[in-house]
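What follows is a single structure, written as structure tokens, with notes after it.
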Amino acid sequence: MSDEKSKAEKLREELSFKKESTWEQADREDVFEMAEDYKEFMEKAKTEREAYNYIVNRAEKEGFRDIDGKEEVEEGDKIIFKNRNKQVVLVKVGEDFEDVRMTLSHLDAPRLDLKQKPLYEGNDLCLADTHYYGGIKKYQWTNFPLAIHGTVIDKEGNKHTINIGEDKEEPVFLVPDLLPHLGKDQLKKELKDAIEGEELNIITGNIPFEKGEEEAVKLKVLQHLKNEYGFEEEDLMSAELEAVPAVEPRDLGFDRSMVAAYGQDDRGHSFVSLESFLDSETNKTTMACFFDKEEIGSEGNTSIQSTFLEKSVSKLLEKSGDERYHEGVYSFFDSVEALSMDVSAAVNPTYKDVHDEKNSINLGQGVAFVKFTGSGGKYRANDANAEFVGKIRKIFNEEEIPFHPVELGKVDKGGGGTVAKFLSRRGSDVVDMGFPLLSMHSPYEISSKVDIFHTFRASKAFYEG
């Protein structure tokens, strides 16, 4: 019997797919060093505009330049395409455009946006109306310190940049919830209805301008905005002001093995994509693409559904003398193989019944590999073909990168989508890949440092493989 068991164990070792912690497969010094850079990025890039600025500055320091300044494009050139301070495409030009490697990630994250006419007064408080952006659990955003970041264009066309609430010497903002003593009716509601969208109102002031004046507290807030920032209430019509968690990225756990930070879905992968792209060495043409508006369906002129990517490719082909410029850019996309780099859900041990354990991943187990997204019967999904999945698996296995097949929960429990389907419509092969998160779309998401590190390794291997 012992011999038979030994044979079975050997066969299991040879044929079975393992799920195990990957901490032993990585140099912990490298893991923790990368995590420090990651946290620095997450602290500096709390909005899509801030992430854009970080990426552009980083790329330009590495020698990337606007294509309009070039007579022609040659092998070795580093090109940057920029769109409306929210969308970036980076290109390292290789020998040709026959085997192009691309990564995709998005810069936006769930948040509270101030409405265009937000300020009002009630019960001696000045508050600001918000409209939540992306899929959130609304109750998670009450009684949580918030900072306000963004841009205001005044009536003269001047731009004012706002960033208040991050420094410990600055004030924060808050959506007040109802106290439990008076919340009996609220507690009877379903969780999703306990806080309504119109109740996500941010407290901004309490001091009146003068006693007895109408809306005196609001007037005092308006005076502060004029004196401190130089704009008026009407200027808020042409503003993009975002209320984001006023918390810095922190190490999590006694062992400091995890990162707690806002916006890891998906700015975390913007960092990984950027660093792996810059660090990779290959004679292929490689691209790193960063988009906006993914959390609201990739709509608008800074999203992956805009024509910006096609325009960028068209300029690239024209200045390189590639004949496909005359044929249309979609023949270029037929040559593209891409990773859509986005987060996946790690198994929460408290709620693991919503996951298919066989097709799931724990924190610390490496890279989540997502062949198809969507929901229910794979609706609104990209479903990568087997040949391309096999090719990526081969690259990862050769580099000993740990990865696991993942679905976003049980079939009828939920689901979700990424930008992958929009690139696949252009004719490219694309599959989703990334590190897993706990508490996704909350004000403070959780990742494992070793998963971030392995995802960097996977992206770099893809570029070079």
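Here residue 352 is the anchor, and the lysines within straight C-alpha reach of less than 24 Å, apart from those fewer than 8 places off in the same chain, are 18, 19, 137, 138, 192, 371, 378, 410, 413, 449.
I need 237, 433, 34 ordered by Cβ neighbour count within 10 Å, fewest first. Could you put the intermediate results ahead of the total?
Numbers: 237 12, 433 26, 34 20.
Ordered from fewest to most neighbouring Cβ atoms within 10 Å, 237, 433, 34 come out as 237, 34, 433.
Taking other C-beta atoms within 10 Å as the exposure proxy, 152, 259 rank 152, 259 from fewest upward.
To the nearest 500 deg cm²/dmol, what mean residue ellipticity at 222 nm is calculated for the chain from DSSP H runs of n ≥ 4 alone, each contributing -39,500 (n - 2.57), summed and divided by the residues?
Working: 13 runs with 133 residues, N = 465.
Result for the chain, helices only: -8500 deg cm²/dmol.
Taking the fewest neighbouring Cβ atoms within 10 Å as the starting point, the ordered list for 435, 173, 254 is 254, 173, 435.
Taking label positions 7 Å along the Cα-Cβ direction at both residue 206 and residue 164, the computed distance is 1.7 nm, reported to one decimal.
Helix 269-279 and the long axis of the chain differ in direction by around 50°, with both axes built from C-alpha atoms. Modelled spin labels at residue 185 and residue 224, positioned 7 Å past Cα toward Cβ, are 3.1 nm from each other.
Taking label positions 7 Å along the Cα-Cβ direction at both residue 25 and residue 359, the computed distance is 2.1 nm, reported to one decimal. In the chain, the longest principal axis of the Cα atoms and the axis of helix 216-229 are about 50 degrees apart. Looking at the chain, the DSSP beta bridges with both ends there are about 70 percent antiparallel. Between the range 403-465 and the range 238-254, the C-alpha centres lie 22 angstrom from each other.
Computing semi-axes √(5λ) of the Cα gyration tensor in Å directly from the structure and comparing it against [x] 34, 33, 19; [y] 44, 23, 20; [z] 40, 31, 19 singles out [z].
Cβ-Cβ distance of residue 58 and residue 412, R₀ of 51 Å, FRET efficiency by 1/(1 + (r/R0)^6): the value works out to about 0.75.
Fully extending the segment from residue 350 to residue 177, taken as 0.36 nm per residue of separation minus the present Cα-Cα distance, adds 59.7 nm. Legend: calculated FRET efficiency, residue 299 to residue 214, from the Cβ-Cβ distance at R0 = 30 Å, rounded to 0.05, equals 0.15.
With a cap of 16 neighbouring Cβ atoms within 10 Å, and only residues DSSP puts in a loop, list the chymotrypsin sites (Phe, Trp or Tyr not before Pro) found in the range 14-54. Working shown, then result.
Numbers: sites: 17, 23, 32, 38, 41, 52, 54; in loops: 17.
Answer in residue order: 17.
Relative to the longest principal axis of the Cα atoms of the chain, helix 2-15 runs at roughly 70 degrees.
The alpha-carbon of residue 92 sits under 18 angstrom from the alpha-carbons of these lysines, leaving out residues fewer than 8 places away in its chain: 61, 70, 78, 82, 284, 311, 315, 319, 460.
Tell me which aspartates and glutamates have Cα within less than 15 Å of residue 394's Cα, excluding those fewer than 8 residues away on the same chain? Candidates past the 8-residue exclusion: 337, 464.
Pairs of Cα atoms nearer than 8 Å and 6+ residues apart set the relative contact order; for the chain it is 21 percent. Assuming a ≥ b ≥ c are the square roots of the Cα gyration tensor eigenvalues, decide whether the range 207-314 counts as rounded (a/c under 1.5), prolate (otherwise, with a/b larger than b/c) or oblate. The shape class here is oblate. Shape verdict for the range 301-344, please, from the Cα gyration tensor: rounded (a/c under 1.5), prolate (a/b greater than b/c) or oblate. Here the range 301-344 falls in the prolate category.
So if each residue of separation counts as 0.36 nm, and I subtract the Cα-Cα distance between residue 388 and residue 71, what length gain in nm does that give? Before the final figure, lay out the partial values.
Numbers: separation 317, 0.36 × 317 = 114.12 nm, distance 3.60 nm.
Answer, rounded to one decimal: 110.5 nm.
Taken together, the values in this text are just the output of simple stated rules run on the coordinates, not laboratory data. Predicted model, so just to flag it, every value in this text is computed and none were measured. A quick note on method: Cβ atoms are made from the backbone with ideal geometry, for glycine too, and the neighbour counts reach across all protein chains shown.
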